[in-house]
Amino acid sequence: MTTSSLRPVAFTRGLTLERWAWLALALVSALAVLAYLLAARAEGFVGFPLDDGWIHQTYARNIAERGEFSFVPGVPSAGSTAPLWSLALALGHLLRVEPRAWSYGLGLGALIGTALLAFAQARTWLPGRWRWALVAGLVVALEWHLVWAAASGMETLLFAALCLAALTLPTRRPVWLGVLTALAIATRPDGWLLVPFVALRVILPVVTDADGRLQLRNWRAALPAGARFGLALAVAVAPYLALNWSLNGSIFPNTMAAKAIEQSFLFDLPILERAFWHCSYLPGCEPGPLLQPWVGGQALLLPGLLAFAIQRVRRRAWSDLIPAAWGLALLCAYAYRLPIIYQHGRYQIPAIPVLLVTAVVGMAEVARLDSPRLLPRVFSRIWVVAALASIVSFIVIGARTYTRDVAFIETEMVAGALWVRDNTPADAVIASHDIGALGYFSGRRIRDLAGLVDPEIIPWLKDEDRLMQWLTDVGVDYVMTMQRFTPKLVADHADDVVYVSPYTVSTSIGYDQTLILRWEGDGTP
């Protein structure tokens with residue numbers, strides 16, 4: 001038998017292994033997300049682990065039913081941080097699919113896509129070592145933050161998948177990289193940070209030689225690819241910019257300014273405390289943006305990330321460093337601009353896939369599982385087994401966390417919204433700090449104490465006296481809040497409380513309960 005006659009068999013076998021790897025990653029991702037949903041359902045809850053998931057559903061419903069980007073029907077606003085995600089959810093409303101089920105399906109699809117991209121990139125970095133590439137994909141599919149995000153009703157995993165695609169897909173098609181970058185921006189404004197890193201991916205191979213040395217005289221050769229990337233980006237992102245501009249006169253959504261002012265007290269902290277560990281108004285203290293992505297078994301992969309960086313610097317393989325550099329830049333940007341940790345670092349979660357695949361590849365390159373020497377072999381095996389076992393074990397911990405988070409939203413925000421629906425006049429105007437579930441379930445006119453859909457209050461979000469005057473001026477009838485959000489308002493109007501959440505989930509985890517107060521306004525909505 002000749003060598004040439006063996007090639008089709010080898011080729012078919014390679015495809016089969018890859019196909020099975022894809023199926024395995026899809027199955028593991030589905031089982032992980034299903035486990036989280038079933039864990040919450042076993043406690044009697046089906047929903048989202050944060051109120052913002054209902055904000056997106058409210059926008060999606062209005063897009064499907066009214067053809068407008070609005071939270072309050074008839075009042076267009078730029079309160080949706082993720083227009084692309086709102087459009088994806090709106091398709092489910094148009095198809096009349098149960099909104100939560102559609103959202104879970106989109107999240108699962110994004111998780112599968114992220115795991116497949118991680119697998120593909122690991123194969124590129126580890127040619128011929130498909131088992132380690134499969135490990136990289138499985139680590140992404142099983143990382144607890146990512147599974148939580150897939151079942152959260154949020155855009156987090158879609159953004160992560162788009163970023164990973166823009167940072168890892170071949171640079172020979174710069175137009176597609178420009179489109180992917182634009183889609184990431186339309187999914188989250190953080191996507192703007194992708195632009196210099198993806199542009200560097202396009203240009204760097206042209207201006208470096210085979211040994212990784214910079215050849216600036218080749219800069220003209222990089223112009224065509226760079227121009228194609230830039231033009232595709234500009235054309236694809238234009239509708240997003242036009243939408244925001246038409247809604248609020250800015251290319252950015254309202255949420256960026258509102259969040260920055262809301263958490264401005266953190267800017268008084270030293271930068272290292274903001275970045276690594278700090279206490280906020282939330283119960284207890286939390287790891288900051290630079291540490292939050294490593295909460296879990298992936299902390300044991302950190303040596304692999306360091307090994308990867310050292311190896312690539314030695315080889316001058318600068319392009320390989322770009323994905324992880326973007327991930328670290330994203331974490332640093334949040335440490336500087338918005339150091340608060342919301343929902344287990346949901347703003348930092350998109351950096352996790354690129355850091356994980358980089359760390360696993362670094363581990364594969366330095367681990368000596370079959371070394372003839374005893375100590376390297378033993379320590380390598382202990383390291384790999386401990387890391388993988390820890391990642392799997394955190395799936396269980398993450399499922400409990402997800403269940404608690406869903407229970408909190410269902411018993412506080414959703415229950416409060418249903419009380420408003422059943423116990424207030426149909427023309428009542430309700431003000432609230434958390435508007436998602438209230439807007440989706442209550443059927444009432446909503447005014448926003450966080451400034452997302454009422455951006456005029458953003459400059460004085462921290463001035464409760466001004467907020468209370470505003471409530472009166474716009475004719476609010478009820479206020480739904482928590483004491484930690486508006487302590488002075490609650491203290492001054494304690495006698496006007498008409499609803500206190502009867503559930504104990506909130507107090508059991510150190511939060512206060514939802515309150516609804518009757519407000520005697522004399523203005524007009």
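A quick yes/no check of all residues on (1) in a helix (DSSP H, G or I); (2) open to solvent by less than 10 Å² (accessible area, probe 1.4 Å); (3) acidic (Asp, Glu); (4) more than 30 Å from residue 368 (Cα to Cα):
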position: 293; (1), (2), (3), (4): yes, yes, no, no
position: 300; (1), (2), (3), (4): yes, no, no, no
position: 304; (1), (2), (3), (4): yes, yes, no, no
position: 342; (1), (2), (3), (4): no, no, no, yes
position: 347; (1), (2), (3), (4): no, no, no, yes
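Please enumerate the residues belonging to the stretch 76-89 that are more than 19 Å from the chain's Cα centre (by Cα) and either modelled with pLDDT of 95 or more or open to solvent by 20 Å² or more (accessible area, probe 1.4 Å) (or both). Give the derivation first.
So the first thing to find is which residues in the stretch 76-89 are more than 19 Å from the chain's Cα centre (by Cα), and the list is 76-77.
Listed by number, the list holds a single entry, 76.
Enumerate the helices (runs of 4 or more DSSP H) found wholly within the stretch 69-148, keeping only those where 2 or more residues are of a type in the set (D, E, K, R).
In the stretch 69-148, 99-125 are the helices (runs of 4 or more DSSP H) which contain 2 or more residues that are of a type in the set (D, E, K, R).
Regarding residue 402, is this residue within 30 Å of residue 134 (Cα to Cα) and of a type outside the set (A, V, I, L, M, F, W, C)? Outline the logic, then answer.
Values: within 30 Å of residue 134 (Cα to Cα): yes; of a type outside the set (A, V, I, L, M, F, W, C): yes.
So residue 402 passes the test.
Among the residues of the stretch 435-443, is there at least one that is over 28 Å from residue 69 (Cβ atoms) and not aromatic (Phe, Trp, Tyr)?
Pass one, the stretch 435-443, residues over 28 Å from residue 69 (Cβ atoms): none.
Scanning the stretch 435-443 turns up no residue that is over 28 Å from residue 69 (Cβ atoms) and not aromatic (Phe, Trp, Tyr).
Kindly list, by first and then second residue, each pair from a residue in the stretch 379-397 that is more than 15 Å from residue 360 (Cα to Cα) to a residue that is at pLDDT 95 or above and of a type in the set (Val, Ile, Thr), limited to pairs with Cβ atoms under 7 Å and residues at least 6 apart or on different chains.
Filtered contacts from the stretch 379-397: 395/147.
Would you mind stating whether residue 356 is modelled with pLDDT of 95 or more, in a helix (DSSP H, G or I) and over 26 Å from residue 207 (Cβ atoms)? Working first, answer last.
Details: modelled with pLDDT of 95 or more: yes; in a helix (DSSP H, G or I): yes; over 26 Å from residue 207 (Cβ atoms): yes.
The answer is yes for residue 356.
Take the residues of the stretch 362-375 that are assigned to a helix (DSSP H, G or I) and not hydrophobic (A, V, I, L, M, F, W, C): which is surrounded by the most Cβ atoms within 10 Å (Cβ to Cβ)? First the steps, then the outcome.
Going through the stretch 362-375, the residues assigned to a helix (DSSP H, G or I) turn out to be 362-366, 374-375.
When the remaining residues are screened for being not hydrophobic (A, V, I, L, M, F, W, C), the result is 362, 365.
Details: 362: 24, 365: 17.
Here the answer is 362.
Just one of the numbered conditions (1) more than 13 Å from the chain's Cα centre (by Cα); (2) open to solvent by 10 Å² or more (accessible area, probe 1.4 Å); (3) touching a residue at least 12 places away in the same chain (Cβ under 8 Å) is not true of residue 172; which one?
(3)
Which of the residues belonging to the stretch 37-62 are among the aliphatic types (A, V, I, L, M) and closer than 23 Å to residue 456 by Cα?
We begin by selecting, within the stretch 37-62, every residue among the aliphatic types (A, V, I, L, M); these are 37-40, 42, 46, 50, 55, 60.
Within the stretch 37-62, just 55 meets the criteria.
Would it be correct to say that residue 416 is open to solvent by less than 40 Å² (accessible area, probe 1.4 Å) and on the phi > 0 side of the Ramachandran plot?
On the way: open to solvent by less than 40 Å² (accessible area, probe 1.4 Å): yes; on the phi > 0 side of the Ramachandran plot: no.
No: the conditions fail for residue 416.
Here's the yes/no breakdown for (1) farther than 18 Å from residue 33 by Cα; (2) among the polar types (S, T, N, Q); (3) open to solvent by 10 Å² or more (accessible area, probe 1.4 Å):
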{"site": "99", "(1), (2), (3)": "no, no, yes"}
{"site": "113", "(1), (2), (3)": "no, no, yes"}
{"site": "119", "(1), (2), (3)": "yes, no, no"}
{"site": "125", "(1), (2), (3)": "yes, no, yes"}
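A quick yes/no check of all residues on (1) at pLDDT below 95; (2) not in a loop (DSSP other than H, G, I, E, B):
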residue	(1), (2)
387	yes, yes
396	yes, yes
401	yes, yes
406	no, yes
452	yes, no
458	yes, yes
465	yes, yes
469	yes, yes
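Any residue at all in the stretch 181-191 that is over 15 Å from the mean Cα position of the chain (by Cα) and free of Cβ contacts under 8 Å to residues at least 24 places away in the same chain? Spell out how you get there, then give the answer.
Looking only at the stretch 181-191, we keep the residues that are over 15 Å from the mean Cα position of the chain (by Cα), and these are 181-182.
Among the residues that remain, those that are also free of Cβ contacts under 8 Å to residues at least 24 places away in the same chain are: none.
No, because not a single residue in the stretch 181-191 is over 15 Å from the mean Cα position of the chain (by Cα) and free of Cβ contacts under 8 Å to residues at least 24 places away in the same chain.
Please go through the stretch 408-437 and give me each residue that is under 16 Å from residue 153 (Cα atoms) and either aromatic (Phe, Trp, Tyr) or in a helix (DSSP H, G or I) (or both), ordered by number.
408, 409, 410, 413, 414, 436, 437
Suppose the filter is among the small types (Gly, Ala, Ser) and surrounded by fewer than 24 Cβ atoms within 10 Å (Cβ to Cβ); does residue 151 pass it?
On the way: among the small types (Gly, Ala, Ser): yes; surrounded by fewer than 24 Cβ atoms within 10 Å (Cβ to Cβ): no.
Taking the combined requirement at face value, the residue does not satisfy it.
Kindly indicate the residue of the stretch 1-46 that is in a loop (DSSP other than H, G, I, E, B) and modelled with pLDDT of 75 or more and also nearest to residue 128 (Cα to Cα) among those meeting that condition. Step through it out loud before you land on a result.
Going residue by residue through the stretch 1-46, those that are in a loop (DSSP other than H, G, I, E, B) are 1-2, 43-46.
Subset that is modelled with pLDDT of 75 or more: 43-46.
On the way: 43: 45, 44: 47, 45: 45, 46: 43 Å.
That would be 46.
May I ask you to list pairs of residues, at least six apart or on different chains, whose Cβ atoms are under 8 Å apart, with the first in the stretch 328-340 being within 20 Å of residue 302 (Cα to Cα) and the second being open to solvent by 70 Å² or more (accessible area, probe 1.4 Å) and not aromatic (Phe, Trp, Tyr)?
335/271
All but one of (1) within 16 Å of residue 322 (Cβ to Cβ); (2) surrounded by 24 or more Cβ atoms within 10 Å (Cβ to Cβ) hold for residue 140; which doesn't?
(1)
Hey, does the stretch 502-521 have a residue that's open to solvent by less than 40 Å² (accessible area, probe 1.4 Å), free of Cβ contacts under 8 Å to residues at least 60 places away in the same chain and among the charged types (D, E, K, R)? Before you say what the answer is, go through the steps one by one.
So the first thing to find is which residues in the stretch 502-521 are open to solvent by less than 40 Å² (accessible area, probe 1.4 Å), and the list is 505-506, 512, 514-517, 519, 521.
Next, from what is left, pick out any that are free of Cβ contacts under 8 Å to residues at least 60 places away in the same chain: 512, 515, 517.
Imposing the further condition that a residue be among the charged types (D, E, K, R) reduces the set to 512.
Yes: the stretch 502-521 contains one or more residues that are open to solvent by less than 40 Å² (accessible area, probe 1.4 Å), free of Cβ contacts under 8 Å to residues at least 60 places away in the same chain and among the charged types (D, E, K, R).
Report, by residue number, each residue of the stretch 187-216 that is touching a Lys or Arg at 6+ places or on another chain (Cβ under 9 Å), at pLDDT below 90 and either crowded, with 17+ Cβ neighbours inside 10 Å or under 21 Å from residue 227 (Cβ atoms) (or both). Quick ask: steps written out before the conclusion?
Step one: of the stretch 187-216, the residues touching a Lys or Arg at 6+ places or on another chain (Cβ under 9 Å) are 202, 207-208, 211-213.
Adding the requirement that they be at pLDDT below 90 leaves 207-208, 211-213.
Listed by number, the residues that qualify are 207, 208.
Among the residues of the stretch 376-410, count how many are acidic (Asp, Glu) and either open to solvent by 50 Å² or more (accessible area, probe 1.4 Å) or more than 19 Å from the chain's Cα centre (by Cα) (or both). Working first, answer last.
Filtering the stretch 376-410 down to residues acidic (Asp, Glu) leaves 405, 410.
Applying the additional criterion that residues be either open to solvent by 50 Å² or more (accessible area, probe 1.4 Å) or more than 19 Å from the chain's Cα centre (by Cα) (or both) yields 410.
The number of residues fulfilling the criteria is 1.
The values are calculated or read from the model by the stated rules, or taken from the named source; none is laboratory data. A quick note: this is a predicted structure, and the numbers were derived from the prediction, not measured. For neighbour counting, all protein chains shown are included, and Cβ atoms are generated from backbone atoms with ideal geometry for every residue, glycine included. Surface areas here come from the heavy atoms of the whole protein model, side chains and all, with no ligands, DNA or RNA. Shrake-Rupley method; radii C 1.70, N 1.55, O 1.52, S 1.80 Å.
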